[in-house]
Each structure stands twice: as C-alpha cells, then as structure tokens.
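Below is one structure; the comments refer to it alone.
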Amino acid sequence: MKREDFNEAFDHEELEEVGGKKKLFGFYERLRKHLARYGNRRHPIMEYLFLLPDLFILILRLIVEKRIPLRFRIFIGSIIGYLLLPIDIIPDFIPFIGYIDDLLIVVFGLNTILNDVDPSVLEQNWSGDRDLLLSIREITEQAYRFVGKKNLDKIRGWIHKNVKATR
C-alpha cells in the first residue's frame with residue numbers, strides 16, 4: 001500500500017469509526033499535544049522527541065506494509081504495545097525525559113528492521129519533515145551521550161528479546 005493510499009484509506013475522520021484504530025491514533029494525538037506543551041525545540045533531544053508522533057505513524061504504516069516480513073510486523077506490534085501500555089522503562093509522566101525510552105524503542109526497532117529490509121520501504125512510508133535515516137543515526141548517537149550505556153542496554157535487551165520471540 002502506498003503512503004498516499006494509506007492516508008486516504010485511514011484519514012482521521014474514518015479512523016473515528018474503526019474500533020481499534022481509533023485508540024492508536026488517539027495515542028498519536030495525545031502525544032502530539034503533550035509534546036506541544038514544551039513548545040521549545042532548542043535542545044537537540046527535544047527536536048528528536050518532536051519526531052516521535054511521525055515515527056509512531058511510520059510504524060503503524062509498516063505493520064500493514066506487505067514488503068515488511070511477517071516476523072518484523074509482529075515485532076512492530078510489540079513496539080506499538082510498548083508505546084500504548086502505561087508501564088515504561090522511564091514513566092511518561094516525567095516531563096521531557098518520560099518519552100525518551102519510547103523514542104529509543106522505536107528508533108532501535110527501526111534500526112533492527114533496517115538490517116533486513118530495503119531502506120526505501122521505510123522512506124516511502126515516512127511522512128516526517130526530516131530525513132528518516134539521518135534522524136535515526138543522529139538519535140542513536142545522541143542516545144549514547146544523553147541516556148547512558150546502562151539504560152541503553154535495558155532498551156536493547158527488550159528489543160532483542162522481542163525480535164527473538166518473533167523468529
């Protein structure tokens with residue numbers, strides 16, 4: 001399914017009528033509003049956090065993308081589950097920092113997928129303003145500096161556990 005077809009088939013008004021999908025996009029809307037409260041994108045991490053709603057839409061598109069192998073679509077489902085569940089490595093109610101684990105889960109998950117999937121598949125499903133692959137690389141580099149090795153190891157452990165479970 002092309003990005004344009006997906007957007008047309010799943011515009012916001014139609015999603016209101018589709019049971020499970022409404023909840024997913026409701027999360028997207030709440031996240032966008034929550035991040036907008038901070039309003040200031042001067043800090044590099046904030047700039048990346050503002051990508052999180054677009055990354056969320058990307059993984060929703062990838063879960064229905066037929067060029068993504070089934071095992072990765074199952075893996076993406078676990079990432080979506082992590083984002084929607086109230087239990088996090090770093091709780092979302094902590095201002096600014098609370099969404100960093102969500103961002104890293106998505107970015108490290110996309111990195112894992114990129115090892116086996118043509119990057120153009122992800123780029124064709126991307127609707128963000130920034131270059132996707134460059135953003136993934138920059139976020140990964142910043143993660144080492146900002147979050148620290150111990151926390152990154154927890155996130156990577158969760159990702160590897162879930163990738164192995166889908167094989």
Do the conditions hold for Arg167, that is, is it modelled with pLDDT under 90, out of contact with any strand residue (DSSP E or B) (no Cβ under 6 Å at 6 or more places or on another chain) and open to solvent by 60 Å² or more (accessible area, probe 1.4 Å)?
yes
Selection from segment 112-126 of residues that are within 14 Å of the chain's Cα centre (by Cα), part of a loop (DSSP other than H, G, I, E, B) and under 15 Å from Ile79 (Cβ atoms):
Asn125
Within segment 42-82, the count of residues that are among the aromatic types (Phe, Trp, Tyr), out of contact with any Gly (no Cβ under 8 Å at 6 or more places or on another chain) and in a helix (DSSP H, G or I) comes to 4
Does Leu84 qualify as being modelled with pLDDT of 70 or more and open to solvent by less than 30 Å² (accessible area, probe 1.4 Å)?
no
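Listed here are the residues, each with its yes/no results for (1) under 20 Å from Leu60 (Cα atoms); (2) open to solvent by less than 40 Å² (accessible area, probe 1.4 Å); (3) in contact (Cβ under 8 Å) with a residue 40 or more places away in the chain.
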site: Ile76; (1), (2), (3): yes, yes, no
site: Gly98; (1), (2), (3): no, yes, no
site: Leu103; (1), (2), (3): yes, yes, yes
site: Ile113; (1), (2), (3): yes, yes, yes
site: Asp116; (1), (2), (3): yes, no, yes
site: Ile136; (1), (2), (3): yes, yes, no
site: Gly148; (1), (2), (3): no, yes, no
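The values are calculated or read from the model by the stated rules, or taken from the named source; none is laboratory data. This is a predicted model, so every value here is computed, not measured. Here Cβ is always computed from backbone atoms with ideal geometry, including for glycine, and neighbour counts include all displayed protein chains. The protein model used for the area step is the full one, side chains on, heavy atoms only, and it has no ligands, DNA or RNA in it. Shrake-Rupley method; radii C 1.70, N 1.55, O 1.52, S 1.80 Å.
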